[in-house]
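Remarks on the structure that follows.
No value in this document is a laboratory result; all are computed from the given coordinates. As the structure is a computational prediction, the values presented were derived from the model and not from experiment. A quick note on method: Cβ atoms are made from the backbone with ideal geometry, for glycine too, and the neighbour counts reach across all protein chains shown.
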Amino acid sequence: MDAILQPILQSPKLPDYVEELKRVLEEEEKRRSEFYNWLDEDKRAEFIGGQVIIHSPSRAIHIEVLQNFLLAIVPFVQSNKLGKVYTEQALIKLKRSDVMPDLAFWKNQAFANDTKIFPVPDFVIEVLSNSTQKNDKGRKKEEYALNGITEYWIADPDAKTIEQYVLSGEEYSLKEKLSHGTIQCVVLEGLEIELKKIFE
């Protein structure tokens, strides 16, 4: 980050850059407010990079992989009273975006029944699709790290792989990429999931 900022900080145009950045952020925040006013329970959409992204219906394989994650994770969380697990209908507020991860877990959290916008979770899973993989592997991954989400899994239902990322500073480091065997969760200590139970 410092290497990117140094030429700007040393430029005589710094005040102009600051004003332009403020204008951009103000316009983005205005669009974000409009997004909140437009969004209701019948719409599945995210606000990423100043743009509203409306999601299309999911493929059967995407739904089945997500259901298998839920069957593996929810009983573990509930039996150990560890927190909350929500799926893709939960809108999560990040610093510059509002996203609906396929699965999110919060440690020791309870939410009011009328909660519509949720805080940053501790652990997120995204199941790739053709329309989402660019953001899941790019912008959303970067924002998840910058917002302090400790662990991030990217599941590819076609390749039958899971990439497991763990936060290191403000970036993710790849712990492992699995195509078989068992994945061990870092945030949910003691949770182990066989990949064949997710993809087969």
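Among the residues of segment 134-168 satisfying the criterion of being outside any strand (DSSP E or B) and more than 12 Å from the chain's Cα centre (by Cα), which is nearest to I53 (Cα to Cα)? Walk me through how you get there before you give the answer.
Within segment 134-168, the subset outside any strand (DSSP E or B) is 134-150, 157-160.
From what's left, more than 12 Å from the chain's Cα centre (by Cα): 134, 157-160.
Working: K134: 13, P157: 22, D158: 23, A159: 25, K160: 26 Å.
Here the answer is K134.
I'd like to know if segment 88-108 contains one or more residues that are without any contact (Cβ under 8 Å) to a residue 12 or more places away in the chain and farther than 17 Å from W153 by Cα. I'd like the intermediate steps shown before the answer.
Residues of segment 88-108 without any contact (Cβ under 8 Å) to a residue 12 or more places away in the chain: none.
No, there is no match, as no residue in segment 88-108 is without any contact (Cβ under 8 Å) to a residue 12 or more places away in the chain and farther than 17 Å from W153 by Cα.
What's the total number of residues in segment 112-129 that are of a type in the set (G, A, S) and either touching a helix residue (DSSP H, G or I) at 6+ places or on another chain (Cβ under 6 Å) or surrounded by 14 or more Cβ atoms within 10 Å (Cβ to Cβ) (or both)?
Residues of segment 112-129 of a type in the set (G, A, S): 112, 129.
Then keep just the ones that are either touching a helix residue (DSSP H, G or I) at 6+ places or on another chain (Cβ under 6 Å) or surrounded by 14 or more Cβ atoms within 10 Å (Cβ to Cβ) (or both); that gives 129.
So the answer is 1.
Please work out which residue is farthest from V127 (Cα to Cα), limiting yourself to segment 158-182 and to residues that are free of Cβ contacts under 8 Å to residues at least 12 places away in the same chain and not hydrophobic (A, V, I, L, M, F, W, C).
Here the answer is G169.
What are the pairs, 6+ residues apart or on separate chains, where a residue within segment 143-156 that is farther than 23 Å from H180 by Cα has its Cβ under 6 Å from a residue that is among the aromatic types (F, W, Y)?
Y144/Y152; A145/Y172
Filter segment 126-141 for residues that are among the charged types (D, E, K, R) and either at positive phi or in contact (Cβ under 8 Å) with a residue 24 or more places away in the chain (or both) and give the result. Write out each step before concluding.
So the first thing to find is which residues in segment 126-141 are among the charged types (D, E, K, R), and the list is 126, 134, 136-137, 139-141.
If the condition is that a residue be among the charged types (D, E, K, R) and either at positive phi or in contact (Cβ under 8 Å) with a residue 24 or more places away in the chain (or both), then E126, R139, K140, K141 are the ones that fit.
Of the residues that sit in segment 34-67 and are out of contact with any strand residue (DSSP E or B) (no Cβ under 6 Å at 6 or more places or on another chain) and among the β-branched types (V, I, T), which one is nearest to L94 (Cα to Cα)? Write out each step before concluding.
Applying the first criterion (out of contact with any strand residue (DSSP E or B) (no Cβ under 6 Å at 6 or more places or on another chain)) to segment 34-67 yields 34, 36-44, 48-51, 55-61, 63-64, 67.
Next cut, among the β-branched types (V, I, T) only: 48, 61, 63.
Working: I48: 10, I61: 28, I63: 25 Å.
Selected residue: I48.
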